[in-house]
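The values are calculated or read from the model by the stated rules, or taken from the named source; none is laboratory data. Just so it is clear, the structure is predicted and the values come from calculations on it, not from any experiment. Here the Cβ positions follow ideal geometry from the backbone for every residue, glycine too, while neighbour counts run over all protein chains shown.
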Amino acid sequence: MIRPVDALVADSGPTDAGPELRLDHRRLARTGIAEAVYAPGKTPAQCAAAVSGLLGDPDGGPVLLTRANAEQAAAALAANPGGVRTDTGPDTALLAWRPAAPRGQNTIVLTAGTADLPVACEALATLTAYGVQATLLADVGVAGLHRVLAVVEPLRAADVVLVVAGMEGALASVAAGLTTAPILAIPTSVGYGAGLEGVTALLAMHASCSPGIAVVGIDNGFGAACAALRILNHSGVAHDRQRSPRAAGHAGRGPA
């Protein structure tokens with residue numbers, strides 16, 4: 001196991017990915033989230049080589065290939081059998097290898113509409129690869145407010161809530177008013193002309209009157225899932241510290 005402080009100065013680790021790829025094998029130790037392979041702009045061979053290189057490090061954690069087209073996905077799976085594929089759009093998929101063991105935390109992914117599902121699926125697949133229990137509650141947009149009110153109890157029980165919405169993006173504000181859980185808002189490019197391919201939802205989420213909402217980029221389900229992982233990783237550390245024998249000893253002493 002490599003400590004975070006050592007990962008700052010350690011070399012990149014073993015790799016046969018080739019001169020075009022400089023893989024970051026120590027990112028999991030530094031940040032709690034392993035390097036993922038972003039497929040757009042890469043050739044199928046480069047995608048396959050990057051996945052192979054990351055899998056070559058036994059301590060590297062989950063390996064994800066995001067936004068892969070059919071050719072990229074096929075090449076990566078041929079070179080690295082066993083990857084789990086999740087469709088994240090009509091022509092793209094997220095592939096995951098070496099998933100983490102299940103952990104006890106609970107995350108909700110809420111979508112305003114069925115059209116938001118590709119972005120939600122990217123977030124769900126990322127969380128699942130890291131062992132987080134992620135539940136999808138789809139098509140609960142504010143045009144039928146009773147739909148989101150019907151899922152208040154799961155929202156209140158969640159450790160983190162991801163809200164995926166296009167159009168005017170109002171669902172994030174509503175959800176933030178119903179739960180104490182951190183809210184991560186994901187604007188999507190779903191919508192008509194004035195939606196400006198997600199810009200309207202993005203700005204509306206930033207301008208929300210519900211305080212404490214964190215907003216990621218348009219259609220960035222992967223980024224929102226990584227933000228949720230940082231929250232969950234940190235809360236897990238804090239929880240462990242509170243339960244440690246040393247913390248318990250201090251707690252029992254009372255004021256000095």
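Take Val119 and tell me if it is touching a residue at least 12 places away in the same chain (Cβ under 8 Å), in contact with a Leu (Cβ under 7 Å, 6 or more places away or on another chain) and not acidic (Asp, Glu).
Numbers: touching a residue at least 12 places away in the same chain (Cβ under 8 Å): yes; in contact with a Leu (Cβ under 7 Å, 6 or more places away or on another chain): no; not acidic (Asp, Glu): yes.
No: the conditions fail for Val119.
Residues checked against (1) under 17 Å from Gly223 (Cα atoms); (2) surrounded by 15 or more Cβ atoms within 10 Å (Cβ to Cβ); (3) touching a Phe, Trp or Tyr at 6+ places or on another chain (Cβ under 6 Å):
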site: Val63; (1), (2), (3): yes, yes, yes
site: Ala93; (1), (2), (3): yes, yes, no
site: Leu110; (1), (2), (3): yes, yes, no
site: Thr126; (1), (2), (3): yes, yes, yes
site: Gly131; (1), (2), (3): yes, yes, no
site: Gly144; (1), (2), (3): no, no, no
site: Val152; (1), (2), (3): no, no, no
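This table checks each residue for (1) closer than 16 Å to Ala112 by Cβ; (2) surrounded by fewer than 19 Cβ atoms within 10 Å (Cβ to Cβ); (3) touching a Pro at 6+ places or on another chain (Cβ under 8 Å); (4) modelled with pLDDT of 95 or more.
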{"position": "Val160", "(1), (2), (3), (4)": "no, no, yes, yes"}
{"position": "Gly212", "(1), (2), (3), (4)": "no, yes, yes, no"}
{"position": "Arg230", "(1), (2), (3), (4)": "no, yes, no, yes"}
{"position": "Asn233", "(1), (2), (3), (4)": "no, yes, no, no"}
{"position": "Ala238", "(1), (2), (3), (4)": "no, yes, no, no"}
{"position": "Ser244", "(1), (2), (3), (4)": "no, yes, no, no"}
Only listed residue being over 14 Å from Ala224 (Cβ atoms) and under 18 Å from the mean Cα position of the chain (by Cα), chosen from Leu117, Leu162, Leu184: Leu117
Does Leu65 count as in a strand (DSSP E or B) and either touching a helix residue (DSSP H, G or I) at 6+ places or on another chain (Cβ under 7 Å) or of a type in the set (A, V, I, L, M, F, W, C) (or both)? yes
What are the residue pairs meeting all of these: first residue in segment 133-148, first residue closer than 14 Å to Leu162 by Cα, second residue surrounded by fewer than 16 Cβ atoms within 10 Å (Cβ to Cβ) and hydroxyl-bearing (Ser, Thr, Tyr), Cβ atoms under 7 Å, and 6 or more apart or on different chains? Ala138/Thr114; Asp139/Thr114
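Going by what's in this entry, would Asp59 be described as closer than 30 Å to Ala150 by Cβ, surrounded by fewer than 21 Cβ atoms within 10 Å (Cβ to Cβ) and either of a type outside the set (Phe, Trp, Tyr) or not assigned by TED's automatic domain parsing to the domain that holds Ala125 (or both)?
Spelling it out, it is not the case that Asp59 is closer than 30 Å to Ala150 by Cβ, surrounded by fewer than 21 Cβ atoms within 10 Å (Cβ to Cβ) and either of a type outside the set (Phe, Trp, Tyr) or not assigned by TED's automatic domain parsing to the domain that holds Ala125 (or both).
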Residue list for segment 26-61, filter: touching a strand residue (DSSP E or B) at 6+ places or on another chain (Cβ under 8 Å), in a loop (DSSP other than H, G, I, E, B) and over 19 Å from Ala228 (Cβ atoms): Ala39, Pro40
Of everything in segment 31-56, what is under 16 Å from the mean Cα position of the chain (by Cα) and crowded, with 19+ Cβ neighbours inside 10 Å? Give them in sequence order. Ile33, Ala34, Glu35, Ala36, Val37
